[in-house]
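Working notes for the structure below.
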Amino acid sequence: MTDHVRSKLRAVADLIRLSKQYGTLLLMAPALWSLVIAADGHPPASLLLVFVIGAFVMRSAGCVLNDLADRGFDRHVERTKDRPLASGYLTPRDALIVGALLSGSALALALTLNPLALGLSVVGFGLAAIYPLTKRIIATPQAVMGAAFGWGALLAWAAVRNEIAAPAIVIFIATVCWAAAYDTIYALLDRDDDIKIGVRSSAIAFGRYVWVGVGALLGLALASLIVLGLLVPLGPAYALCLALVAIIFAYQTWRLRRGIDRPSTFRLFRSHAGVGFLILFGITIDLLLR
């Protein structure tokens, strides 16, 4: 393998954030909540594989689409100026090829599902595709990202039961609020640069009251998850996990209220990958102990 090829492969790995998989975990978690509940705690291995691989593929494709749309902005943001497209290590043509391969892989996975789930997967890809554009149009694009991340819950439920039912809708609503909250925390990292270049985010829209906005969104997510527990219904393991999640959410709101530095802000954001799997743990234990 030549040095040029190795350099290109490293740039592609950076493009899809191969070494930073917390985004994949955040996308995966709500789909797995829905999948496990829809299958009464015993999801088929084939569907688990589809949704685990699908989360990686879709998150990677989303990174490609985001960087293509934002390459002009990324050059002016300290955190993103060295991304492969912004820095010129990869060309837009290179990114389109990678995106096409990932999209083809996502389609191949979707084709293994029933017609309802296949149709929902197309809509989900559309949400992922338009999200980067919303940062130029609406004040709170994080809500659109939340919808894209929550769509997997509807898709997973449909894949198991060939319908969309109330628990999946509640998980979708919870994820919209939860993802909008943690992505607002993430957007704080770029808030000063985003103001200069005209990119919109809820971190800017909330202003000095960002802690209130994030706290409210986390509270709505928690309330939705409580409704989910009553609706299914789930038991003490889930209740205990939600109590721990409530403590985490309250602590993060308090930290934002006090003011935190960039490394701490990033740690708050990254911790939400663990929150998603804490909730999954509670769901799984209660369903298996029925």
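With respect to the conditions (1) under 17 Å from the mean Cα position of the chain (by Cα); (2) within 18 Å of LEU155 (Cβ to Cβ); (3) of a type in the set (A, V, I, L, M, F, W, C); (4) surrounded by 20 or more Cβ atoms within 10 Å (Cβ to Cβ), ILE37 falls short on a single one, namely (1).
The single residue among ARG59, ARG17, ARG10 that is assigned to a helix (DSSP H, G or I), within 28 Å of VAL123 (Cβ to Cβ) and basic (Lys, Arg) turns out to be ARG59.
Based on what the data block shows, is ALA143 farther than 19 Å from VAL50 by Cα, small (Gly, Ala, Ser), in contact with a Leu (Cβ under 8 Å, 6 or more places away or on another chain) and surrounded by 14 or more Cβ atoms within 10 Å (Cβ to Cβ)?
On the way: farther than 19 Å from VAL50 by Cα: yes; small (Gly, Ala, Ser): yes; in contact with a Leu (Cβ under 8 Å, 6 or more places away or on another chain): no; surrounded by 14 or more Cβ atoms within 10 Å (Cβ to Cβ): yes.
No, not satisfied.
So if I check each of ASP183, ASP194, which one is modelled with pLDDT under 95, among the charged types (D, E, K, R), surrounded by 14 or more Cβ atoms within 10 Å (Cβ to Cβ) and out of contact with any Lys or Arg (no Cβ under 7 Å at 6 or more places or on another chain)?
On the way: ASP183 fails: modelled with pLDDT under 95.
Just one listed residue meets the conditions, ASP194.
When the residues of region 145-163 are narrowed to those that are of a type in the set (A, V, I, L, M) and without any contact (Cβ under 8 Å) to a residue 40 or more places away in the chain, which ends up farthest from ALA181 (Cα to Cα)? Checked region 145-163; the qualifying residue farthest from ALA181 (Cα to Cα) is ALA147. Tell me, please, whether a residue that is in a helix (DSSP H, G or I), under 16 Å from ALA31 (Cα atoms) and of a type outside the set (S, T, N, Q) can be found in region 179-199. Yes - at least one qualifying residue is present in region 179-199.
Among the residues of region 161-172, those identified as surrounded by 21 or more Cβ atoms within 10 Å (Cβ to Cβ) and either of a type outside the set (Gly, Ala, Ser) or within 10 Å of the chain's Cα centre (by Cα) (or both) are VAL170, ILE171, PHE172.
Filter region 200-233 down to residues that are of a type in the set (S, T, N, Q) and part of a helix (DSSP H, G or I), then give me how many there are. Before the answer, list the steps.
First pass over region 200-233, keeping only residues of a type in the set (S, T, N, Q): 201-202, 224.
From what is left, the residues that are part of a helix (DSSP H, G or I) are 202, 224.
Within region 200-233, residues that are of a type in the set (S, T, N, Q) and part of a helix (DSSP H, G or I) number 2.
Yes or no, residue by residue, for (1) more than 27 Å from VAL36 (Cβ to Cβ); (2) in contact (Cβ under 8 Å) with a residue 60 or more places away in the chain; (3) surrounded by fewer than 21 Cβ atoms within 10 Å (Cβ to Cβ):
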| position | (1), (2), (3) |
| --- | --- |
| LEU189 | yes, yes, yes |
| SER202 | yes, yes, no |
| LEU218 | no, no, no |
| LEU225 | no, no, no |
| ALA246 | no, no, yes |
| ARG270 | no, yes, yes |
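The values are calculated or read from the model by the stated rules, or taken from the named source; none is laboratory data. Since the structure is predicted, the reported quantities are computational estimates derived from the model, not experimental observations. Cβ: placed from backbone, ideal geometry, glycine included. Neighbour counts: every protein chain shown.
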